[in-house]
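For reference, the structure is listed below as structure tokens.
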Amino acid sequence: MTKQIVTASRLADGRVLFRAPEGWSTDIRDALMFTPDEAAAAVARAQGEPTRVVGAYAVDVDDAGLPLLGRERIRVFGPTVAPYSQVEA
Amino acid sequence: MYQYDTFDHQLLADRVAEFSDQVDRRLSGALTEDQFRPLRLMNGLYLEMHAYMLRVAIPYGVLSSRQLRGLAAVARTWDKGYGHFTTRQNIQFNWPRLTDVPQILQALADVEMHAIQTSGACIRNVTIDPFAGVAGDEIADPRPWAEIIRQWSTLHPEFAFLPRKFKIAISGAIEDRAAVRFHDIGLRVIRNDAGDLGFRVWVGGGLGRTPRVARELREFLPAAQILGYLEAALRVYNLHGRRDNKYKARIKILVDEIGIEAYRDQVEAEWHAAGGPTLEVPEAEIARVADFFAAPDYANLPDATVELARWRAADSGFDAWATHNILTHRAPGYAAVTISLKPVGGIPGDITADQMEAVADLADRYSLGELRATKEQNLVLPNVRQDQLHALWSALRSLDLETANKGRITDIISCPGQDYCSLANARSIPVAQEISRRFADRRRLDTLGPITLNVSGCINACGHHHVGNIGLLGVDKRGAEAYQLVLGGDAGEADASVAQITGRAMTAEEAVDAVEVAAAVYLDRRQDAETFIQTFRRIGVTPFKEAIDAAR
């Protein structure tokens with residue numbers, strides 16, 4: 001069964017957010033795991049928070065909760081190139 | 001350089017106030033994201049993978065030391081302490097907060113800069129030869145014309161919603177250093193037989209998913225008639241360019257579809273209907289703008305031949321730098337210096353706020369306070385006394401900015417790729433870094449001679465891979481990064497050509513190896529003093545393909 005998380009960009013500063021039990025978190029370890037149907041519903045609910053998040057979408061993840069696609073992993077961990085690889089919370 | 005008048009200052013003040021209000025309304029929810037997106041894009045603000053990205057215009061790449069300090073302040077105060085010079089002579093900041101952008105725009109306005117028309121379907125920043133006004137091979141200075149076009153195109157109401165973005169480049173020298181045949185319109189300054197100044201006009205060039213070498217629209221257009229003619233050219237495009245498919249919306253596709261003759265006929269008809277040759281930029285206005293770019297009072301100096309020879313003999317580092325990074329200046333005793341932003345293993349085009357400030361100081365001390373940003377993602381100090389070159393080089397060395405590789409295989413042009421960009425299919429920077437390390441040895445650079453190497457992370461081709469002598473295109477191969485190697489591109493007007501594909505896409509490691517193979521084929525097959533591109537043109541792509549395939 002495909003597992004998904006829901007991610008978006010924070011409106012105020014564009015930082016990467018993950019749907020967490022309590023709203024949104026910048027830390028993927030807080031991300032809720034969804035079935036695709038649940039994820040689609042969470043994406044739809046994010047439309048109701050237009051002053052908080054932008055561009056919510058679902059991402060396929062492995063059992064550890066990490067994205068399968070390289071692009072999404074870069075979004076989680078920040079640019080792979082030093083010395084600017086630290087993503088601020 | 002051009003100085004803002006009260007109108008320019010008011011225009012920016014109004015724009016900052018307007019955008020501040022739009023940001024407030026977005027944050028309060030009065031504007032939806034769909035409503036806000038085109039407004040922020042009109043101010044150069046994108047939403048990328050990790051954060052917003054602000055693209056700041058450097059009009060035709062000309063920058064004062066004061067403006068560079070202003071950019072350093074933006075990097076330090078509101079970003080992460082660095083900026084990224086782009087292939088369009090602009091600078092991008094990768095981490096601004098939306099809530100800070102009004103303040104950033106105000107800080108930019110304070111140094112006569114902005115982000116207007118750095119995005120959107122409008123006329124973008126005009127790009128020119130970074131050695132304008134100082135190159136030894138110049139016919140006429142393109143800067144006054146770039147400024148006249150900038151003023152005409154800024155907030156031009158008719159061209160605010162074109163089918164797609166529109167890029168204009170101008171070259172004023174014998175050697176085309178502005179890639180005029182890879183722009184929507186390319187202008188080449190020429191003189192006709194009577195000695196009158198004018199432009200050869202190219203149209204429909206471009207990169208992206210449909211690379212095209214521009215076709216000649218007009219052999220000679222008297223210079224003063226440029227705005228009326230551009231207006232006609234843009235109007236025909238605005239009327240007939242496709243709006244149903246963004247991939248077919250650039251002017252190159254219109255020219256493809258109706259043909260250059262039909263497009264030319266329509267432009268001429270439109271131009272003549274509006275007044276044709278009678279529509280001239282007033283002579284007094286041309287003179288007024290040209291005054292801003294009058295040559296500085298150069299000291300009456302001899303060429304520093306003896307000192308240069310002594311310094312070169314004494315220090316191989318200086319010798320290499322002087323060989324690669326100095327261009328002949330029109331004024332005796334002076335040189336135009338390229339500051340390479342391509343250190344070994346570095347990120348092409350990146351510069352820290354500290355370096356920006358230090359370079360601004362060097363521009364004041366050694367280059368009459370002026371700099372240029374280049375489409376190769378480097379900086380230029382255009383007016384350096386030859387007898388101060390060694391002192392400048394020593395200062396650059398202390399800033400790690402003395403890399404001696406202009407025009408060499410490690411002077412890599414690279415887009416930000418998937419490390420930053422939402423559109424990218426693959427990372428560009430790590431591949432560029434690995435190639436840079438692989439070819440770092442100075443003897444190898446010298447042996448290989450002039451080679452352009454370009455890396456793009458997707459088919460949109462911001463890294464200009466189509467015009468690299470060696471190009472790498474990042475693609476997505478079933479969810480994994482892969483790279484296609486292309487060879488034989490040339491951005492210059494005389495030999496403009498689009499690079500040819502060598503074979504199927506490879507892993508990053510294989511791609512770097514394939515670059516090594518291509519370099520080896522060149523060294524093996526070159527005759528006399530042939531450059532890489534000359535050998536490629538003589539032997540074609542096949543020997544390269546075969547060697548790359550054999551090595552895999």
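Nothing in this text is a laboratory measurement; each read-out follows from the coordinates by a stated rule. Quick caveat: nothing in here was measured; it's all calculated off a predicted structure. A quick note on method: Cβ atoms are made from the backbone with ideal geometry, for glycine too, and the neighbour counts reach across all protein chains shown.
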Please sort by residue number the chymotrypsin sites (Phe, Trp or Tyr not before Pro) in segment B:1-95 whose DSSP state is loop and whose Cβ has at most 14 other Cβ atoms within 10 Å.
B:Tyr4
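Using the number of other C-beta atoms within 10 angstrom as an exposure proxy, rank B:Asp387, B:Asp411 with the fewest first. Could the numbers behind the result be given before it?
Working: B:Asp387 18, B:Asp411 26.
If I rank by nearby Cβ atoms, fewest first, I get B:Asp387, B:Asp411.
Can you compute the FRET efficiency between B:Ala529 and B:Val344 using 1/(1 + (r/R0)^6), with r the Cβ-Cβ distance and R0 = 22 Å? Round to the nearest 0.05. Show your work: numbers first, answer last.
Working: r = 26 Å, r/R0 = 1.20.
Between B:Ala529 and B:Val344 the formula returns 0.25.
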Computed over all unlike Cα pairs, the Kirkwood hydrodynamic radius of segment B:84-169 in Å stands at 14.8 Å
Let me know the volume per residue of the alpha-carbon convex hull for chain B, in Å³.
157 Å³
Over all Cα pairs of segment B:440-482, how is the pair count split among 5 Å bins, expressed in % and running from 0 up to the last occupied bin?
6, 23, 19, 17, 15, 12, 7, 3
Averaged over peptide B:219-228, how many Cβ atoms belonging to another chain are found within 10 Å of each residue's Cβ?
0
For chain B, return all DSSP H helices satisfying: extent of Cα atoms along own axis at least 20 Å; mean Kyte-Doolittle hydropathy at least -1.0.
B:6-28, B:226-240, B:508-525
Descending Cα extents along the principal axes, segment B:315-468, whole Å
47, 33, 28
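Could you pull out the pairs from B:Lys246/B:Lys406; B:Lys80/B:Lys545; A:Lys3/B:Lys477; A:Lys3/B:Lys248; B:Lys80/B:Lys167 whose alpha carbons sit more than 32 Å apart here?
Details: B:Lys246/B:Lys406 36 Å; B:Lys80/B:Lys545 42 Å; A:Lys3/B:Lys477 22 Å; A:Lys3/B:Lys248 37 Å; B:Lys80/B:Lys167 30 Å.
Exceeds cut-off: B:Lys246/B:Lys406; B:Lys80/B:Lys545; A:Lys3/B:Lys248.
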Of B:Cys462, B:Trp393, B:Ala107, whose Cα points farthest to the positive end of the dipole of the protein assembly as shown (charges on the beta-carbon: +1 Lys, Arg; -1 Asp, Glu; origin at the Cα centre)?
B:Cys462
Which of the chymotrypsin sites (Phe, Trp or Tyr not before Pro) found in segment B:155-237 are in a DSSP loop and have at most 12 neighbouring Cβ atoms, other than their own, within 10 Å?
B:Phe161
With r defined as the distance between the Cβ atoms of B:Asp196 and B:Asp303 and R0 fixed at 35 Å, what FRET efficiency is calculated, to the nearest 0.05?
0.60
Under a Cβ-Cβ limit of 4.7 Å, which cysteines in the protein assembly as shown have nobody to pair with?
B:Cys122, B:Cys421, B:Cys458
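Within 10 Å of each candidate Cβ there may be at most 16 other Cβ atoms; applying that plus a DSSP loop requirement, which trypsin sites (Lys or Arg not before Pro) in segment B:201-237 survive? List each step's numbers first, then the result.
Values: sites: B:Arg209, B:Arg212, B:Arg215, B:Arg218, B:Arg235; in loops: B:Arg209.
Loop-located and lightly packed - B:Arg209.
What is the order of B:Met356, B:Met49, B:Met506, fewest Cβ neighbours within 10 Å to most?
B:Met506, B:Met49, B:Met356
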Rg and Dmax [Cα atoms of segment B:11-70; Å; Rg one decimal, Dmax integer]
13.8, 40
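Once you list every other residue whose beta carbon is under 15 Å from the beta carbon of B:Asp303, what net charge do they have if Lys and Arg are +1 and Asp and Glu are -1? Numbers along the way, then the final one.
Values: positive: B:Arg310, B:Arg312, B:Arg330, B:Arg385; negative: B:Glu307, B:Asp387.
Neighbourhood net charge equals +2.
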Just going by the charge dipole of chain B, with Lys and Arg at +1 and Asp and Glu at -1 on Cβ, which of B:Ile168, B:Ile539, B:Pro296 is farthest out on the positive end?
B:Ile539
Hydrodynamic radius (Kirkwood) for segment B:251-380, which is based on Cα pairs only, to one decimal in Å:
19.6 Å
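Would you mind counting up the charge near A:Ala46? Only other residues with Cβ under 14 Å from its Cβ, with Lys and Arg at +1 and Asp and Glu at -1. The partial results should precede the final answer.
Details: positive: A:Arg10, A:Arg19, A:Arg45, A:Arg52; negative: A:Glu38, A:Glu49, B:Glu33.
Residues close to A:Ala46 contribute a combined charge of +1.
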Sorting B:Ile251, B:Tyr263, B:Ala274 by the position of each Cα along the dipole of segment B:242-291 (Lys, Arg +1; Asp, Glu -1; all at Cβ), the one nearest the positive end of that ordering is B:Ile251
Please list log₁₀ I(q)/I(0) at q = 0.24 Å⁻¹ for segment B:170-218, using the Debye equation with identical point scatterers on the alpha-carbon positions.
-0.81
Take each of the peptides B:316-322, B:62-68, average the number of other beta-carbon atoms within 10 Å over its residues, and list them starting from the highest.
B:62-68, B:316-322
Taking the beta-carbon count within 10 Å as an exposure proxy, list B:Asp350, B:Asp21 from fewest neighbours to most.
B:Asp21, B:Asp350
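Expressed as cubic angstrom per residue, what is the convex hull volume of the alpha carbon set of segment B:412-499? Don't skip to the answer; put the middle values down first.
On the way: hull volume 7.7 nm³, N = 88.
Per-residue hull volume (Cα only) is 88 Å³.
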Inter-centroid distance (Cα atoms) of segment B:55-131 relative to segment B:211-247, Å
27 Å
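Given the convex hull of the Cα atoms of the protein assembly as shown, what is a quarter of its surface area in nm²? All intermediate terms of the calculation are to be shown ahead of the outcome.
Values: hull surface 118.5 nm².
Mean projected area of the Cα convex hull: 29.6 nm².
Using only the C-alpha atoms of chain A, find the volume of their convex hull and express it per residue in Å³.
Details: hull volume 7.8 nm³, N = 89.
Hull volume normalised by residue count: 87 Å³.
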